[in-house]
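Here's the structure we're looking at; comments come further down.
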Amino acid sequence: MLEEDMEVAIKVVVVGNGAVGKSSMIQRYCKGIFTKDYKKTIGVDFLERQIAVNGEDVRLLLWDTAGQEEFDAITKAYYRGAQACVLVFSTTDRESFQSIQTWKEKVEAEVGDVPTVLVQNKIDLLEETVIKNEEAEALAKRLKLRFYRASVKEDLNVTEVFRYLADKYLQRLKQQTAEETEVIHTTSNKIGVFNTSSSNVCNQNSSNGREVISLRPNKQRTKKGRKRCLEPVPQLLELFPIIFGSVLAGGIFSEVNTNKILLHCMQAFFSLQRMFHHCLVFFISSHFMPQTPRKSICI
């Protein structure tokens, strides 16, 4: 397990020309059903299935994308964040076979190099095939992809496609985790060590060619704290002449003066809030926080 009781979620996009069987493949895998009626996907559709791969709990999030060109701008946005990809073409549609390279480039432009498989669907329609086996195998070899011949109608190799992608992604995830752990372990040996002992120890280390960095308490913090406590006071004093002048003018309840008074009252409230915050910080830091002793970092 990568982590105890952790479920891995994998976003998988299924792409290819229209009518190659993308929706039927996802329906077969997630719901176990198959329908002969073709219904064009509008934009994108989404289904999910939870499986176990080598003892890991995996939730596959399967995104069914429209294959028509008019939906290209919509579907490209849903490629982002994908962690695996299924490229599908139909045994009975040569154009879908020739478009695989283009679909692969579209996905890579959004998500980069992710685990990908090539699927030749509808192999049960042997009499209507327009693609030779050698052509399909050559394409998979050229694109360096795992190749599956599948039949969604007969439920042939559908499960194997998604299980392979899940296993491939988990392998990559474990490899990345191991590399990150190794980097953290390597860099941790370069972090300086606090030394609160006498300065002679640090001087001895510095004589051995190791740099010594001394840390001292900030003496200016208390002075700056006092100044910050007094900053809102002038803003509060500005409010009183405005109210007094409005009363003398006899227009304290006029709309203009009322708005001015409300505005300055709000400013005064926020000024009081800031003053209270600064005073509280100053009071706590000066009365309750212990004085920081002189420390050194020996590198």
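Footprinting exposure proxy ranking of Cys30, Cys85, fewest other C-beta atoms within 10 angstrom first, gives Cys30, Cys85. Relative protection proxy for 161-173, 102-114, 16-28, from highest mean packing down: 16-28, 161-173, 102-114 (other beta-carbon atoms within 10 angstrom). DSSP finds beta bridges in segment 7-182, and of those with both partners inside it, around 35 percent are antiparallel.
Taking a threshold of 19 Å on the Cα-Cα distance, which of the pairs Lys31/Lys174; Lys106/Lys144; Lys31/Lys168; Lys40/Lys153; Lys76/Lys168 fall above it? Going by Cα-Cα distance, Lys31/Lys174; Lys31/Lys168; Lys76/Lys168 fall outside the 19 Å limit.
Under 18 Å from a point 7 Å along the Cα-to-Cβ line of Arg146: which residues of segment 108-122 have their amide N that close? Only 113-121 pass the distance filter. Magnitude of the charge dipole for segment 7-182, about its Cα centre and with charges confined to Cβ atoms of Lys, Arg (+1) and Asp, Glu (-1), is about 160 debye.
Taking 7 Å steps out from each Cα toward its Cβ at Arg59 and Lys76 produces label points 3.0 nm apart. Estimated at 0.36 nm per residue, the fully extended path between Glu154 and Lys39 surpasses their Cα-Cα distance by 39.5 nm.
Values in this text are rule-based calculations from the coordinates and carry no lab data. All values derive from a computational prediction rather than experimental measurement. A quick note on method: Cβ atoms are made from the backbone with ideal geometry, for glycine too, and the neighbour counts reach across all protein chains shown.
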